[in-house]
Amino acid sequence: MKVAITSTGNTLESAIDQRFGRCAYFVVYDTENKAMEFIPNPNKDAEEGAAIASVQLVASRNVSKIVSGEFGLKIKPLMDSLKIQMIILKQPEKKIKEIIEMLNHENRGSMGMKIAVPTIGGLLDEYLKECEVFTIFTIDDSNSIIDSELLYTPEGCDCKNNIPLIMQQKGVTVMLAYKLPEHAENICSHYGITVHLDYSGNVREVVESFLNQKLAI
């Protein structure tokens, strides 16, 4: 399945563009073979007709869905006739790489997906460096929590004690945290763990919030 995402730039670190017809770039992502194409939007400065022209542009790439912050009402009949689903994501801070991760989980049904959350007293531990335990949640193919386990880190959360490697061996592919140094995020990425930041609160509710956001895509 091919999905188009409106983007403010031409990298995975770019944020979703809240405009559809006048977005800076379209990212066309194939969930089957993971191919990706960043397409500059030639209609972003058009005086009129930008939305219709942009629909035609992404339709030429045979997309099934388009993810953007908003769509004009005038293009809905055209989208319907082309059988292209419109997905509204009003989270301007959301990065392209995070949206693609959501799409990947959706495509594989999230079967057995495991999510790690630094934990203290049932809450997400915002001081990750001193974290002594992670809760690892297992998610089934209906995006429901079916199991959880605790991973203890007696020496605290330090990249030198191979916690990301241990998580990888346990099948963890997602970590939810409040803040994380860039070098630590890069180490997690090296072990196939995608980090999502700015979460806080009860660990189970944090995971459910993440899953609800993913279901919207």
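One table, with the values for the structure above:
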read-out	value
Rg in Å to one decimal, and Dmax rounded to a whole Å, for region 2-107 via C-alpha atoms	12.4, 38
Two-site FRET efficiency, Ile88 against Gln56, from Cβ-Cβ distance with R₀ of 22 Å, rounded to 0.05	0.60
Total charge dipole magnitude, the chain, about the Cα centre, Cβ charges on Lys, Arg, Asp, Glu only, Debye to nearest 20	760 debye
Label-reachable residues, region 28-49, where backbone N falls under 12 Å from a point 7 Å from Leu78's Cα toward its Cβ	43, 48-49
Helix runs (DSSP H) in the chain reaching 15 Å along axis by Cα, Kyte-Doolittle at least -0.5	96-107, 203-215
All lysines inside 21 Å of Lys179 as judged from Cα atoms, apart from same-chain residues fewer than 8 positions distant	Lys94, Lys95, Lys97, Lys114, Lys129, Lys160, Lys214
Compactness of region 113-215, expressed as Rg and Dmax over alpha-carbon positions, Å	12.3, 36
Rel. contact order, % - alpha carbon contacts under 8 angstrom, at least six apart, the chain	16 percent
Dipole-positive endmost among Leu197, Ser54, Ser7 within the chain (Cβ charges, Cα centre)	Ser54
Against the rule of thumb 2.2 N^0.38 Å, how large the Cα Rg of the chain comes out	1.12
Förster-model FRET efficiency, 35 Å R0, Gln169 and Ser64, C-beta, rounded to 0.05	0.50
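Every number in this text was worked out from the coordinates using simple rules, so none of it is lab data. Please read these numbers as outputs of a predicted model, since none were measured by experiment. No Cβ is skipped: glycine too gets one built from the backbone with ideal geometry, and neighbour counts run over all protein chains shown.
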